[in-house]
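Read through the structure below, which is laid out as structure tokens, and then see the notes.
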Amino acid sequence: MRLRSEYDQRIVRYAIPALGALAAEPLYVLVDTAVVGHLGRSQLAALGLAATVLSVLAMFNFLQYGTTAQVARATGAGEDLTAARLGAQCLWLSLGFGCVVALGVAVLAATVVDAIGVEGQTAAYAVTYLRIAALGVPSAFLAIGGQGFLRGISDLRTPLVIIIAGNVVNLILELVLVYGLDLGIEGSAWGTVVAQTGMGVAMVVAILRLVGLANAGLRPELARRLLSLGKFIFIRTTALLAAFLLAGVVVARLGDAPLAAHQVAFQLWILLALILDAIAIAGQIIVGQELGATRPDAAFAASVRMIGLSIAVGTGFALVFLGLGDVIPRIFTSDPDVLAQCALLWPLFALMQPLNGAVFALDGILIGASDGAYLALSMVVAFGVFTGALAVSSWAEWGVRGVWASLTVLIVTRLVLMGARFRRRQWLVTGFK
């Protein structure tokens, strides 16, 4: 790979603030965990359960990714008015989906907690947290969709500032409400709701200012365009989350030590994925802009560079984690059984990183190209292959190593399918219609 490219400055300009926003988002959960963790075991367990239930919100990231791709293509085509109108539609869609999901969480909180099998005080705390947290869901959706629009117009600084401010407010409120006013886990939930509401309002204000300057209007008349890509991203994300959930269920049946080792590796995997996803976000923006401006050769060349950079970063991760395979797990645990299980999966976890780099970059590129149908199909196929591999590993009793081998199969299958699509260049559809 060449040391320098004409696209590097542009990639970095988008990837760095995207990385900052991606890294800041998980701090909500970490702050809640740190604060609630000192209240007691039941409260912490309840928070973990509530966080698991609320993880369903990730299925709606199409509001962000689909909006970025469509808005970037419109701006690349010089359709600035249409891009601004898409921003308004993004708000309507985000608010609509957010209200429906919020109602579902509030109404079904007790039913879901009961179905999971949690009882007693932990269950009561979890239901309370979920019902309060539901009030912040519409604002959280507005923040997700708003971030997608602002990325599409190449404004990554505003979302970064809003997310960091939201995290600071959340931290202050958590401490005041939980400890200062002695509201316990309810205070934690209310702190998150207030912070999310502030972020949602800030995103709306930022977008309405741009929509007003463009005289774009607020009527919901382009929502179908956003959903045309969004529905495929929803399928893709759902299949991916289902794979992770299925892997977790299988590991849970292996015992505490394999489950703990899986948790260590998977959380590190998520952290590295956030870093690699920053380049994928740059891919969404750059590819959308170049195809909108009818410059397919530039879109392809920039994409090749982004794939190369992402693989290089992933390779760096692999070398670090292979070299420190005996050190890093000890940061999280000193249990000899857990460390032994970590040793079994560690080579697979480390060697996946260059593959992840290529897959995440390709994912962002094809989203930027609005190639949603193929993305959804390839992910469903990859999920099917993964399920087969997981069944074989379970039958052969390969343990946690078999689960991670199956996850590697998932990534390799996605790489093969998306790589083939990329090479054939069928995704290079130009213009904005």
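Being assigned to a helix (DSSP H, G or I) and either farther than 23 Å from L377 by Cβ or among the aromatic types (F, W, Y) (or both) is a property that does not hold for A273. Within the range 163-198, track down each residue that is open to solvent by 20 Å² or more (accessible area, probe 1.4 Å), aliphatic (A, V, I, L, M) and either under 13 Å from G136 (Cα atoms) or in a helix (DSSP H, G or I) (or both). If the condition is that a residue be open to solvent by 20 Å² or more (accessible area, probe 1.4 Å), aliphatic (A, V, I, L, M) and either under 13 Å from G136 (Cα atoms) or in a helix (DSSP H, G or I) (or both), then I164, A165, V168, V169, L171, I172, L173, L175, V176, L177, V194 are the ones that fit. Within the range 275-297, the presence of at least one residue that is at pLDDT below 90 and open to solvent by 40 Å² or more (accessible area, probe 1.4 Å) is confirmed. Could you say whether any residue in the range 72-89 is within 17 Å of the chain's Cα centre (by Cα) and either surrounded by fewer than 24 Cβ atoms within 10 Å (Cβ to Cβ) or in a helix (DSSP H, G or I) (or both)? The answer is no; no qualifying residue exists. Could you please let me know if G145 is open to solvent by less than 20 Å² (accessible area, probe 1.4 Å), under 18 Å from G200 (Cα atoms) and outside any loop (DSSP other than H, G, I, E, B)? Judged against the criteria, G145 is a match.
Table: residues versus (1) touching a residue at least 24 places away in the same chain (Cβ under 8 Å); (2) assigned to a helix (DSSP H, G or I); (3) of a type in the set (D, E); (4) surrounded by 19 or more Cβ atoms within 10 Å (Cβ to Cβ).
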residue: D326; (1), (2), (3), (4): no, no, yes, no
residue: P329; (1), (2), (3), (4): yes, yes, no, yes
residue: L345; (1), (2), (3), (4): yes, yes, no, yes
residue: L348; (1), (2), (3), (4): yes, yes, no, no
residue: Q353; (1), (2), (3), (4): yes, yes, no, yes
residue: A358; (1), (2), (3), (4): yes, yes, no, yes
residue: G364; (1), (2), (3), (4): yes, yes, no, yes
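For the range 154-161, the count of residues that are in contact with a Phe, Trp or Tyr (Cβ under 8 Å, 6 or more places away or on another chain) and assigned to a loop (DSSP other than H, G, I, E, B) is at least one. Going by the structure shown, is A110 open to solvent by 30 Å² or more (accessible area, probe 1.4 Å) and touching a helix residue (DSSP H, G or I) at 6+ places or on another chain (Cβ under 9 Å)? Against the criterion (open to solvent by 30 Å² or more (accessible area, probe 1.4 Å) and touching a helix residue (DSSP H, G or I) at 6+ places or on another chain (Cβ under 9 Å)), A110 qualifies. Here A373 passes the criteria (1) of a type outside the set (D, E, K, R); (2) modelled with pLDDT of 95 or more; (3) surrounded by fewer than 20 Cβ atoms within 10 Å (Cβ to Cβ) except the one numbered (2). For the range 409-428, taking the residues that are open to solvent by 30 Å² or more (accessible area, probe 1.4 Å) and part of a helix (DSSP H, G or I), the one that is farthest from S393 (Cα to Cα) is identified as R424.
Based on what the data block shows, is V381 under 30 Å from G148 (Cβ atoms) and in a helix (DSSP H, G or I)? For V381, the condition - under 30 Å from G148 (Cβ atoms) and in a helix (DSSP H, G or I) - is met.
Among the candidates V392, V400, V381, single out the residue that is of a type in the set (V, I, T) and under 24 Å from K231 (Cβ atoms). Steps first, answer last, please.
Details: V392 fails: under 24 Å from K231 (Cβ atoms); V400 fails: under 24 Å from K231 (Cβ atoms).
Selected residue: V381, the only one of V392, V400, V381 that is of a type in the set (V, I, T) and under 24 Å from K231 (Cβ atoms).
Which residues, taken from the range 11-49, are open to solvent by 50 Å² or more (accessible area, probe 1.4 Å), of a type outside the set (G, A, S) and in a helix (DSSP H, G or I)? Result: V12, R13, I16, L19, L27, V29, L30, T33, R41, L44. The residue list A18, A74, A51 contains one member that is under 17 Å from A140 (Cβ atoms) and touching a residue at least 12 places away in the same chain (Cβ under 8 Å), which is A51.
The residues listed here are T387, T408, T333; of these, the one that is out of contact with any Ser or Thr (no Cβ under 9 Å at 6 or more places or on another chain) and at pLDDT 95 or above is T408.
The values are calculated or read from the model by the stated rules, or taken from the named source; none is laboratory data. Everything quoted here is computed from the prediction, not taken from an experiment. Cβ coordinates were reconstructed from backbone atoms using ideal geometry, including for glycine residues, and neighbour counts include every protein chain displayed. The accessibility values were calculated without ligands, DNA or RNA, using every heavy atom of the protein model including side chains. Shrake-Rupley method; radii C 1.70, N 1.55, O 1.52, S 1.80 Å.
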